[in-house]
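A.B. asks: Below: one structure in C-alpha cells.
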Amino acid sequence: MPTLNDLKSGETAMIKEILDLDAATQAIRMGIAAGETITCIAKVPAGPTVVQHGGMELALGRDLCQKIEVVRQ
Amino acid sequence: MTSNPVLVNPDPHLCAGNGECHQPAQAIPADIQETIVLAGNPNVGKSVVFNALTGLYTNVSNFPGTTVDIPKGMLPDNRLLKDTPGVYGISNFSEEEFVAEKAILSGDKIINVVSALSLERDLFLTQQIIDYQKPMIVVLNQMDEAENKGLRIDVPLLQALLGVPVIPTVAVTGKGMSDILPQLTKAALGNPMTDCPDPEALRQLEDNPGRRLQTYGSRRQYVNSLVRQVVSQMEQGQHFSLSRLMGQLFLNPVVGLVSGLLVMLILYQVVGVWIAGDLVALTEETLMLGYVVPVIQKLVGSVIASNSPIYTILAGEFGVLTMSMQYIFGVLFPLILGFYIYISLLEDCGYLPRIAVLCDGLLNKIGLNGRAVIPMILGFGCVTMATVSTRVLTSQRERTIASIILAITIPCSAQIAVIVALMALAGGLKAWGIFIGMLSLIMIGLGTVLNKVLPGKSTSLMLDLPPMRMPQMKNVLRKTWVRTVVFLKEAAPLFILGSLLVSVMQVTGLLTLTERLLTPITVNLLHLPSEAAQIFIMGMVRRDFGGAGLFFLSDQLTQGQILTALLTIALFVPCIASFTVICKERGLKESALTLLGSWAVAFLIGGLTARLIEWTHIL
C-alpha cells in the first residue's frame, strides 16, 4: 500500500488509513482523515510532505507520512 | 466602571508564564462582570480582533504558535477579554492547547474567530465549543480573501445551521469589527451535532485519548456536511496567485538555502554595517561621548569631588550614569530596534513556517521536529521568551532538548547585534564561518547526545502553513516598538545593577582581585588579556552586556581574541532573566545542569577556538 511519502508533487490521493492514534486524532480536527482527498503540493527530499486540503496547507513529517496509507487517484 | 482599555499584558512573548511579566501590569478591576474568551485556529486574525476590541496591541504574527501566554484586556462594562493561543480543537496535545482549553472552558462567553478561507478546518473548533454548550458568537474573518478566491459563503444559512450569531468581517481593514460587541449580547448555545452527549459526558469521552477519536469522527462528518451546504466555489479553475507561488517556491530546498543566506547577508549589511557601524558611530561617539557623558560628568563633578570613590561609581569608567547611558542609548537601542524590525518582517510574511518545513529533516536528527524552529528563531530575539515558547512543542522530551539548546547555543538579539558589529572587526566572513560553524557543531553534538540519552521518542511534524502575505508595516512597526520598549525596561535596571557591581568592584579593588583569580581561565585557557574577566562578570548579569563590554575592550584585542571572546560569551550562561524562566519552566535540576553545562562548554570551546586560530593562522 503506498503511503504519503510515495506521492509526488502534484499527485492527488485518497487517505486510506492513518496508523497512529495521536496523529489521526489531531489531523481529523483539521479535516484530514480516512476517506478525504488530498493533493501533494510539495515534497522536501528526505523531509516532510506538504498536502493541500480544503483551503489549508499542511506539512507532515516523514515518519508520520510513512504511517498514512493512501490510494492514488 | 471604565470604558478605556486597561493595559494588562501587551506582549505575550516577554511574559515568563504563570502570569508573571517583566512588564509592570496594571491591575484588573476586582468586579469583573463577565469573562469573554477569544478562540480560534492559528492565523485567522484573532489578535487583530483582540486589538480592535480592546484598542490594544498583541503580537500578530503570521506563524502558528506565537501567542504562548494569555493577553487580557478590558471591554466596556467591566468585561474581561482573554485572547488564547490558536488551536484546532479543545484538546491537550501541547501545553499551548492546554492553556487554550482551560480558558475556553472557564469563559462566560466565547467569541470564535474563523477564517472564511478554511471553514472545513475552522468549524471543527466552532462545533466543539457548541457541543460543550458555551454561549458564543462566530466572527467570520478574511471574507475579502475568500471572495478573491471565488468562494461564496451563505452567511444566513451558516448562522441558522450553527444556531449562533455569525458576523462577517475583514479584520485587517476593520470592516465589520464594530458589529462584534453589539452582537455579543445575542451569544447563543447553538445546535449541537447529531447524537451529541451532554457536555459532562462529552468531556469525559473527549478527555480519554483512547476514545475521543470516535466523537471527533462524528463531529468531523457533521462539520463537513455543514460546509457542503454553506460554501460554494463560484468560478472553477485556479486564479494565478502570487502568494501561492511564493509559498510553493520557499518550500524548495535550493530556494530555501539561497533565501536563507540572503536573509543573513541582508541582516549583516543592515544591522552589522549600517546600524552598528554608521548609526552607532553617530549615537555613541558623537551624541553620547561627545555631549551626554561630559555633561553628566560635569554635573556629578560639581557635587562630588572627581577623585572620590562615589564619583567613580557614578561617572567613572564603568559609571552607573555614564556607562549605562552610553551602552543603553548609544549602542543597544539602535541595534535592538533594527533587529526587531527585521525579525518582525520575516515573522509577518509567512516565511518562517516554510523554513520550519525545510529544517524538519535536520531537526529530526537532534530529537526535534520543524516546529522547534519557532522557539529557535524567537531565541535569536530573546532566549527568555523563546524558552516560554517551547510550550508549542508537543512532548516534554522535545521541550527539554529545545530549552537546553536555546540556553547554550542560541545567542539572543541584543547579543547578536553586538556580535554582528564586532564580526566586522574580527575578520568578516571567515570569522562568521568559524563562529557559525562552531555553534552549529555544538548544537548538533548536544542534540544528538540528548536525543540518545533521553528516554522516549520525539513526535513527527504536523504544521499548518499560513499563506504568504505582504507584511503590514503598521503592524510590524507597532510590534517592533513594543518589543524595544519592553526590552529597554527590562534591560535598563539590570544594566545599571551590572555597572554598579563592576564599578564598586573597581573602587574596592575587588575587580583586580577577580581578574587575577580568573587568570587561569582568561589568560591561560582562552589566551585573552586579564581584563576580559569584566566581560564575563557583566555577561552573567545580562548576556549582551558581556558583548557590550567586549565592544569596549575591542581595540586592545587581536581579531582571534575578539572571536574567541565572542564565542565564549555566546555559549556562556544565559542571563539572569532567562535563567529564572528556565527554572520555572523546566525545574531546578534541569536548570542547574543547563547552567553548569553552559559554563563547561563555553570555556572548553573558547580554549579550543583560541588554539585553533593560533595554530592555523586562519585570521
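A.B. asks: Given the options B:Met246, B:Met234, name the one that is open to solvent by 70 Å² or more (accessible area, probe 1.4 Å), of a type outside the set (Ser, Thr, Tyr) and touching a strand residue (DSSP E or B) at 6+ places or on another chain (Cβ under 8 Å).
C.D. replies: B:Met234
A.B. asks: Any chance region B:603-610 includes a residue that's touching a His at 6+ places or on another chain (Cβ under 7 Å) and modelled with pLDDT of 85 or more?
C.D. replies: yes
A.B. asks: Test of understanding: among B:Leu612, B:Leu563, which residue is open to solvent by 10 Å² or more (accessible area, probe 1.4 Å) and out of contact with any Cys (no Cβ under 6 Å at 6 or more places or on another chain)?
C.D. replies: When all the criteria are applied, what remains is B:Leu612.
A.B. asks: Further, regarding this structure: Of B:Ile442, B:Ile436, B:Ile408, which residue is without any contact (Cβ under 8 Å) to a residue 24 or more places away in the chain, closer than 30 Å to B:Asp555 by Cβ and of a type outside the set (Phe, Trp, Tyr)?
C.D. replies: Going through B:Ile442, B:Ile436, B:Ile408 in turn, the sole match is B:Ile436.
A.B. asks: Also, I was wondering about something else. Can you find a residue in region B:244-263 that is within 14 Å of chain A (Cβ to nearest Cβ) and of a type in the set (Lys, Arg)?
C.D. replies: yes
A.B. asks: Given the criteria assigned to a helix (DSSP H, G or I), of a type outside the set (Gly, Ala, Ser) and farther than 30 Å from B:Gln506 by Cβ, does B:Tyr342 qualify?
C.D. replies: When the stated conditions are applied, B:Tyr342 passes them.
A.B. asks: If I ask for residues that are among the basic types (Lys, Arg) and open to solvent by 50 Å² or more (accessible area, probe 1.4 Å), which ones from region B:185-219 would you list?
C.D. replies: Passing the criteria: B:Lys186, B:Arg203, B:Arg211.
A.B. asks: Can you tell me which residues in region A:55-73 are over 17 Å from B:Ser458 (Cα atoms) and open to solvent by 40 Å² or more (accessible area, probe 1.4 Å)?
C.D. replies: Listed by number, the residues that qualify are A:Gly55, A:Glu69, A:Val71, A:Arg72, A:Gln73.
A.B. asks: In region B:194-234, which residue that is of a type in the set (A, V, I, L, M) and in contact with a Phe, Trp or Tyr (Cβ under 9 Å, 6 or more places away or on another chain) is nearest to the other protein chains (Cβ to nearest Cβ)?
C.D. replies: Selected residue: B:Val223.
A.B. asks: Just give me the residues in region B:148-193 being of a type in the set (A, V, I, L, M, F, W, C), more than 14 Å from chain A (Cβ to nearest Cβ) and within 21 Å of B:Met234 (Cα to Cα), in sequence order.
C.D. replies: Of everything in region B:148-193, those that are of a type in the set (A, V, I, L, M, F, W, C), more than 14 Å from chain A (Cβ to nearest Cβ) and within 21 Å of B:Met234 (Cα to Cα) turn out to be B:Val155, B:Leu157, B:Leu158, B:Val170.
A.B. asks: Now a separate question. Looking at this structure, is B:Leu123 within 10 Å of chain A (Cβ to nearest Cβ), modelled with pLDDT of 90 or more, surrounded by 23 or more Cβ atoms within 10 Å (Cβ to Cβ) and under 16 Å from B:Gly190 (Cα atoms)?
C.D. replies: yes
A.B. asks: Where in region B:538-619 are there helices (runs of 4 or more DSSP H), lying fully within it, with 2 or more residues that are in contact with a strand residue (DSSP E or B) (Cβ under 7 Å, 6 or more places away or on another chain)?
C.D. replies: Output list is empty.
A.B. asks: Considering only region A:17-73, state which residues are more than 8 Å from chain B (Cβ to nearest Cβ), outside any loop (DSSP other than H, G, I, E, B) and among the charged types (D, E, K, R).
C.D. replies: A:Glu17, A:Lys43, A:Glu69, A:Arg72
A.B. asks: Right, here's the next one. Mind listing whichever residues of region A:6-16 are small (Gly, Ala, Ser) and either facing chain B (nearest Cβ under 7 Å) or surrounded by 21 or more Cβ atoms within 10 Å (Cβ to Cβ) (or both)?
C.D. replies: A:Ala13
A.B. asks: So, one more: Could you tell me whether B:Ala424 is among the hydrophobic types (A, V, I, L, M, F, W, C), assigned to a helix (DSSP H, G or I) and open to solvent by 10 Å² or more (accessible area, probe 1.4 Å)?
C.D. replies: It is true that B:Ala424 is among the hydrophobic types (A, V, I, L, M, F, W, C), assigned to a helix (DSSP H, G or I) and open to solvent by 10 Å² or more (accessible area, probe 1.4 Å).
The values are calculated or read from the model by the stated rules, or taken from the named source; none is laboratory data. As the structure is a computational prediction, the values presented were derived from the model and not from experiment. Backbone-built Cβ (ideal geometry, glycine too); neighbour counts: all protein chains shown. Accessible surface areas use protein heavy atoms only, side chains included; no ligands, DNA or RNA. Shrake-Rupley method; radii C 1.70, N 1.55, O 1.52, S 1.80 Å.
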